[in-house]
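Here's the structure, in structure tokens; my notes come after.
The values are calculated or read from the model by the stated rules, or taken from the named source; none is laboratory data. All values reported here derive from a predicted model rather than from experimental measurement. Cβ placement follows ideal geometry from the backbone for every residue including glycine, while neighbour counts extend to all protein chains displayed. With ligands, DNA and RNA removed, areas are computed over all heavy atoms of the protein, side chains included. Shrake-Rupley method; radii C 1.70, N 1.55, O 1.52, S 1.80 Å.
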Amino acid sequence: MAERRPPQRAGDKLALLLGLVPYLIDEVRVSVADAAAQFDVTPEQMRALVGYLTGTGDPGPDGLYLPQGLFDIDWDDFDERDIIRFRNAPLDQRPRLSSREAAALLAGLQAVSAMPGFSERADVERLMTKLARGASGEVAPVSVQSRTSDALRDAVAAAVTAGERLRIDYVTTRGDREERDVDPIRLESVDDVWYLRGWCLTRDAERTFRLDRMASAEAIGPAEEHVPSTTDAGELFRGDAGDLLVTVELPASALPLLSDYLGADDAVEYEVDRAIARIPLAHEGVIGRLAARIAGVGAITAPPEARRAAAAWARAALGDGE
């Protein structure tokens, strides 16, 4: 018995038509069955929708529906072969992306396609092709570069997907080189840096590892399952006992400058109109970026090694020697 579905409401029908038109234009030639499956309707409902479309179009500047302003399909294909193909689709006002907008979206999709579970998805590749084709100008070639080698990231991503334990050769925030066994939980990217969140068997605790500090990563067998301590990407970076606690003083009104560095549990004190923030940093390499963020409005006041690192960064930025 053919599947019976409830009749469509007017709002649902309108939404279907709004999605159906660009789909049919983009597919060029598609079977009724495939189009029905794409929009989760029966073939009979799809034929009715196509029939409705052929009575609509662009009324033109005078408000008259002329033949060239109506949707028209190849009726021989439709009636004899159950194929939908437009002969005329009056959509002169198609939205177009600027070449810059398309390039920005393509860059984001390239970053997404590098993540586990997305690299093999054909729909991401198709969307990138459509974006390039739909731009109003030629899109400059886009390449999202990472400081992590593709081979290493691919190895870590494969372990995350397959649930494999990793043995990593890792350089810690203090510069010590260690071998760690890690059960991967999640691979995440912040800006252009990739991080592996996993359960470190060496520390018997959840840890976050930068991929660009890994010399190698090797799958060594099945991993145990671990529930992440948080699913919020904004809480990915939690302080570690070995972090450097840096004190920053600045006007309270300028505290938003530290939003990328301050966690929900980091200490902030207020003295009249001044704010004193204590921020745990994983390594001294971050201090230069922190100093640049507050340049001219605030200062790093402690500890001494943080002040020296900020001063060294400033001298390097100015091109001065030690």
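Restricting to region 147-158, and then to whatever is part of a loop (DSSP other than H, G, I, E, B) and modelled with pLDDT of 50 or more, can you tell me which residue is nearest to residue 206 (Cα to Cα)?
Looking at residues that are part of a loop (DSSP other than H, G, I, E, B) and modelled with pLDDT of 50 or more, I get 148.
Considering only region 257-267, I want to know if a residue exists there that is at pLDDT below 90, hydroxyl-bearing (Ser, Thr, Tyr), exposed (fewer than 12 other Cβ atoms within 10 Å of the Cβ) and part of a loop (DSSP other than H, G, I, E, B).
Checked against the condition, which is being at pLDDT below 90, hydroxyl-bearing (Ser, Thr, Tyr), exposed (fewer than 12 other Cβ atoms within 10 Å of the Cβ) and part of a loop (DSSP other than H, G, I, E, B), region 257-267 yields at least one hit.
Pairs please, first residue from region 15-42 and more than 20 Å from residue 81 (Cβ to Cβ) and among the β-branched types (Val, Ile, Thr), second anywhere and part of a helix (DSSP H, G or I) and at pLDDT below 90, Cβ atoms under 9 Å, 6+ apart in sequence or on different chains.
Correct list of pairs: 21/53.
Go through (1) at pLDDT below 90; (2) within 25 Å of the chain's Cα centre (by Cα); (3) in a strand (DSSP E or B) for residue 161 and report which single condition fails.
(3)
Can you tell me which residues in region 286-305 are assigned to a helix (DSSP H, G or I) and within 33 Å of the chain's Cα centre (by Cα)?
286, 287, 288, 289, 290, 291, 292, 293, 294
Taking residue 237 as meeting all but one of (1) of a type in the set (Phe, Trp, Tyr); (2) modelled with pLDDT of 80 or more; (3) surrounded by 12 or more Cβ atoms within 10 Å (Cβ to Cβ), write down the number of the exception.
Of everything listed in (1) of a type in the set (Phe, Trp, Tyr); (2) modelled with pLDDT of 80 or more; (3) surrounded by 12 or more Cβ atoms within 10 Å (Cβ to Cβ), residue 237 misses just condition (2).
With the structure loaded, tell me whether residue 94 is at pLDDT 75 or above, basic (Lys, Arg), open to solvent by 50 Å² or more (accessible area, probe 1.4 Å) and within 19 Å of residue 27 (Cβ to Cβ) or whether it fails that test.
Criteria not met by residue 94.
Residues of region 70-82 being open to solvent by 20 Å² or more (accessible area, probe 1.4 Å) and assigned to a strand (DSSP E or B), which ones?
70, 72
Taking the options 87, 47, name whichever one is farther than 30 Å from residue 150 by Cβ, at pLDDT 65 or above, assigned to a strand (DSSP E or B) and not β-branched (Val, Ile, Thr).
It is 87.
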